[in-house]
1. Quick one: how many lysine pairs in the stretch 30-105 have C-alpha atoms under 30 angstrom apart, if they're 8 or more apart or on different chains?
2. Go through (1) 11, 24, 21, 15, 12, 9, 6, 2, 0; (2) 10, 34, 23, 14, 8, 5, 3, 2, 0; (3) 12, 44, 33, 9, 1 and flag the label whose value is the computed P(r) over Cα pairs in 10 Å bins from 0, in percent for this structure.
3. Going by accessible area, probe 1.4 Å, with all protein chains left in place, what is the ranking of THR35, THR76, largest first?
4. Tell me the relative contact order for the chain as a rounded percent, counting alpha carbon contacts under 8 Å between residues six or more apart.
5. Nearest 500 deg cm²/dmol is fine: what mean residue ellipticity at 222 nm does the chain get from its DSSP H runs of n ≥ 4 alone, each adding -39,500 (n - 2.57), divided by its residue count?
6. Amide H of THR32 versus every other amide H placed in the peptide plane: which residues, excluding those fewer than 5 positions away on the same chain, fall under 5 Å?
7. Starting with the highest mean, order 68-75, 81-88 by the number of other Cβ atoms within 10 Å, averaged over the residues of each peptide.
8. Roughly how much of ARG30 is accessible, in Å² to the nearest 10, using a 1.4 Å probe?
Amino acid sequence: GKHRIVIPCLGHFKEEYEKVSKLYMNNKIRTTKYTLLNFLPRNLFEQFHRVANLYFLFLVVLNWVPLVEAFQKEITMLPLVAVLTIIAVKDGLEDYSKYKMDKQINNLLTKVYSR
């Protein structure tokens, strides 16, 4: 059958632990969707999959054409920018709370059975 090697990460076993632990995947829980680097592009990508946001983007782009311009260009951008900002802040706060919960779970002490 399969065997599992368990090496305590203590004192004189530290070098051996580091050598062996590189061979295995870690078991940390990660439920977050974003990182600091991919938050803005990924959030915008997800938001523009909503039909309403695409419609407002179409109106903004259409208003930049001089023949079709109904309002000032900046005024048509306000609803879209406001909605995108509010949803991005909400998504960021939700993801941050998931990050804090993951960190708390990953740092829990566990008991290991030893004969």
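1. 8
2. Evaluating P(r) over Cα pairs in 10 Å bins from 0, in percent on these atoms matches (1).
3. THR35, THR76
4. Values: 46 pairs, mean separation 33.9, N = 115.
Result for the chain is 29 percent.
5. My calculation for the chain gives -18500 deg cm²/dmol from helical runs alone.
6. Those qualifying (amide H under 5 Å, at least 5 residues apart or on another chain) number zero.
7. Ranked from most to least packed, the peptides come out as 81-88, 68-75.
8. 150 Å²
The values are calculated or read from the model by the stated rules, or taken from the named source; none is laboratory data. Note that the coordinates shown come from a computational prediction; the quantities given were computed from them, not determined experimentally. With ideal geometry, Cβ positions are generated from the backbone for all residues, glycine too; neighbour counts draw on all protein chains shown. The accessibility values were calculated without ligands, DNA or RNA, using every heavy atom of the protein model including side chains. Shrake-Rupley method; radii C 1.70, N 1.55, O 1.52, S 1.80 Å.
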